[in-house]
Amino acid sequence: MSQWGDGTRSVHAGLPPAEPGQPFLPGPVFAAPYHLDPWQGPAATPNGYGRPDNPTRRLLETAIGELEGGDCRVFASGQAAITALLLAVLRPGDTVLLPADGYYPVRAFATETLEGFGVRVTFVPTAGPYPSFDGVRLVLLETPSNPGLDVADVPALAAAAHAAGALVAVDNTTATPLGQRPLDLGADAVVASGTKALTGHSDLLLGYVATRSAGLLDPVTSWRTMTGGVPGAFDCWLAHRSLATVDLRLARQTANAEAVARLLAGRPDVTGVRWPGLPDDPAYPVAAVQMRRLPGVLGFDLGDPDRVARFLDASRLVAAATSFGGLHTSADRRAQWGDDTAPGFVRLSCGIEDPADLVADLTAALDASAA
Ligand SMILES: Cc1ncc(COP(=O)(O)O)c(C=O)c1O
């Protein structure tokens, strides 16, 4: 599989061997208990009970694992996956290093829950500078960071962390496994929300942990079984079905992001444009080396909340919505959710509309909102 291109790998990921009379992607298996062998019990089947065992979920895990280059466990959401890794690894007295500018509920979880368990939490901006990793148990990087789109140098930081005996996990939500492969870059684990561009249809929540280390996979699997944060069979099936088009969707989203970034960068009434694909963006030098493709997400500042509202009102194609990575272009004023961003900062997620339509709509909406 590794010799194939992204489109081929996406469309074939996790599919069972061809069997006459069977579908390409088997339909969802809805089961809580399964029939057991009366004499041998659960030892005789991979499927005993739905919380640990589901064949639809396993196929999706095979698919994501193939794309990330590791073993995968899926969860009911990205938050379920990230907190599973943190809680499966960290013990009282440990120190964890988290992004100061990453997804805010991870930071809130760290201060509200992890610190209460006796874990020391240190926040570091994604762009650095990074402190010494001496005495650190786990470093979580979010690259590109959400919403600021800064980029961390994964190979360099993984080497420094490993030299100090720390583990490294990378939140790969924004990049997706086609955008970068953190396990190849030296990370011990990937965590991600599959809710975003990976599945991309804005119709389900999903998360996952991927790793090549049995020493991480086993406690994460056990954590999931004990705490029960599994996704349902139908969501797993929908996610797997959506995964087949991730290469095509990302290609259009990135092309749209490039066109929009150029439009925004050329407008005097828009400031602070961030997209790691713009050559003068601070994240460009590292992104150009470690990323395989660029995200469809951008950031920019429209000055104040009223202008953002006028812009969203005037646009015919940009939906006012949170989340990102979906088929439809959407925009979100992040300060309204508690992110530490300027009041007029907007995260724009490019969908798969035609680039010319999107640029024309954005131009009109920016003009109208500037008035
Ligand atoms: C970078 C990042 N990580 C994790 C999450 C959490 O994912 P979920 O909403 O699927 O729980 C998000 C959600 O926006 C995110 O942007």
> Does Ala192 satisfy the criteria of being open to solvent by less than 10 Å² (accessible area, probe 1.4 Å), assigned to a strand (DSSP E or B), in contact (Cβ under 8 Å) with a residue 24 or more places away in the chain and within 13 Å of the ligand (Cβ to nearest atom)?
Replying inline: yes
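Go through region 325-364 residue by residue and tally those that are among the small types (Gly, Ala, Ser) and more than 29 Å from Asp101 (Cα to Cα).
Residues in region 325-364 being among the small types (Gly, Ala, Ser) and more than 29 Å from Asp101 (Cα to Cα): 3 in total.
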> Does Arg137 count as away from the ligand (no atom under 16 Å from the Cβ) and open to solvent by 10 Å² or more (accessible area, probe 1.4 Å)?
Replying inline: yes
>> Just the residues that are open to solvent by 10 Å² or more (accessible area, probe 1.4 Å) and more than 10 Å from the ligand (Cβ to nearest atom), please, taken from region 161-179.
In response: His162, Ala163, Ala164, Gly165, Leu167
> Out of all the residues in region 202-257, which are β-branched (Val, Ile, Thr), in a helix (DSSP H, G or I), surrounded by 18 or more Cβ atoms within 10 Å (Cβ to Cβ) and more than 16 Å from the chain's Cα centre (by Cα)?
Replying inline: Val220
> Restricting to region 102-112, what's the tally of residues that are open to solvent by 40 Å² or more (accessible area, probe 1.4 Å) and within 15 Å of the ligand (Cβ to nearest atom)?
Replying inline: 3
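Suppose the filter is within 16 Å of the ligand (Cβ to nearest atom), under 15 Å from Asp188 (Cβ atoms) and at pLDDT 95 or above; does Leu149 pass it?
no
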> Any idea which of (1) within 16 Å of the ligand (Cβ to nearest atom); (2) in contact with a helix residue (DSSP H, G or I) (Cβ under 7 Å, 6 or more places away or on another chain) is the one Leu205 doesn't satisfy?
Replying inline: (2)
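Ala31: more than 16 Å from the ligand (Cβ to nearest atom) and either over 23 Å from the mean Cα position of the chain (by Cα) or assigned to a helix (DSSP H, G or I) (or both), yes or no?
Answer is yes for this residue.
The values are calculated or read from the model by the stated rules, or taken from the named source; none is laboratory data. Since the structure is predicted, the reported quantities are computational estimates derived from the model, not experimental observations. Cβ coordinates were reconstructed from backbone atoms using ideal geometry, including for glycine residues, and neighbour counts include every protein chain displayed. Ligands, DNA and RNA are excluded from the accessible area calculation, which covers all protein heavy atoms including side chains. Shrake-Rupley method; radii C 1.70, N 1.55, O 1.52, S 1.80 Å.
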